[in-house]
Every structure is written in structure tokens, then in C-alpha cells.
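The block underneath contains the structure these notes are about, expressed in C-alpha cells.
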């Protein structure tokens, strides 16, 4: 039982840096619809996510110290909500949507794999990405790539479209 609790805590801790990154992108307190007596989620001076209670007389709680209150799937839902929130740059965060796997087409005359949108290597091309479509530095043996025309994420080894990300996080190049 303790082993499952430890794994669950590790999974919740793994989500925290992503929540911090999204709060930095949004750059303001995010209202949480008064769930469980919590008014907003924000960053404190140390860039730690804090829960701001409805009652102004209650102290703020660091999200990292309150993880046992939140099941992993609720933290994932919170992260998805934050990623869909418009940030200070007027854009939403990176949102990956899993699609039913579909093999890419092949253009027999041009000798290229074709994305479902008609893009191929010599048009707008494909860029290396992680499994959620966030762009990474080009590597020779990337496991995934992203269509630069439509945002579909492709598993390179099988030439299979596995998802789509219309607003990826741009990696450092």
C-alpha cells in the first residue's frame, strides 16, 4: 500500500513544474471557481504555486505542501485548464489531443510520406518533437515529429499519426 502511495505522490510531484511553467506564462492569479474554498491559484515570490483561500483571514497554502488533497487526475485536469487559459502574450498554452492512430499516406511518385493535410518533407516539412508535439532540438533519431502545416504528431518508427498539437511549446534550438 505504501508503495502505491509513494508512486502516486511521485506522479503528482511530476506535474508541479508544468503547473509552475503555465502560471509563469499566464502571469496572473487564475480563478478556480471557488472549489473547496479556494479562490485562486497563483505564484508567490519564490515562484511556488499557492492556493489562495476564499476567506481572506486564512493563510495561503503552497500547492506542493497540499498535494495529498489532490488526486493525480485532478492535477492533470488543472494543468489542462491552465494550458487552455490565455496568457500574457494573448496565446493559450500547449495542448496535445490524442487521435485514433492512423498511418500516413505515401506519395509514390515523389517518394515521400504524406501527412493527412497533404504536407510532405519538401513543402512545409516536419520537425522533431516530444510525444506531445512540443518541439525539441533536432536530433538524428527523433521518436516523434510534428507536421508544420497542421500540427499532427507522428510516431516516426511506424509513420503513424498519434495526435495533434496546434500550439506547441517551442524548444530551445
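Key figures
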read-out	value
Residue list for the range 154-173, restricted to those being surrounded by 14 or more Cβ atoms within 10 Å (Cβ to Cβ) and either at pLDDT below 90 or closer than 18 Å to residue 83 by Cα (or both)	163, 164, 165, 167, 168, 169, 171
Residue among 98, 25 that alone is modelled with pLDDT of 85 or more and either under 30 Å from residue 151 (Cα atoms) or outside any helix (DSSP H, G or I) (or both)	98
Candidates 93, 118, 64, 133 - the one that is within 20 Å of residue 16 (Cβ to Cβ) and in a loop (DSSP other than H, G, I, E, B)	93
Residue that is nearest to the chain's Cα centre (by Cα) [pool: residues in the range 72-87 that are within 17 Å of residue 9 (Cα to Cα) and either in contact (Cβ under 8 Å) with a residue 12 or more places away in the chain or part of a strand (DSSP E or B) (or both)]	79
Failed criterion for residue 164 (all others in (1) under 16 Å from residue 99 (Cβ atoms); (2) touching a strand residue (DSSP E or B) at 6+ places or on another chain (Cβ under 8 Å); (3) in a loop (DSSP other than H, G, I, E, B) hold)	(3)
Index of the failed condition, residue 93 passing every other in (1) closer than 25 Å to residue 130 by Cα; (2) loosely packed, with under 12 Cβ neighbours inside 10 Å; (3) touching a helix residue (DSSP H, G or I) at 6+ places or on another chain (Cβ under 7 Å)	(2)
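Every residue, every condition in (1) touching a strand residue (DSSP E or B) at 6+ places or on another chain (Cβ under 9 Å); (2) at pLDDT below 85, yes or no:
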position: 110; (1), (2): no, yes
position: 116; (1), (2): yes, no
position: 119; (1), (2): yes, no
position: 125; (1), (2): yes, no
position: 128; (1), (2): yes, no
position: 133; (1), (2): yes, no
position: 138; (1), (2): yes, yes
position: 142; (1), (2): yes, no
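The values are calculated or read from the model by the stated rules, or taken from the named source; none is laboratory data. Computed from a predicted structure; not experimentally measured. Cβ sites come from the backbone with ideal geometry, for glycine too, and all protein chains shown count toward neighbours.
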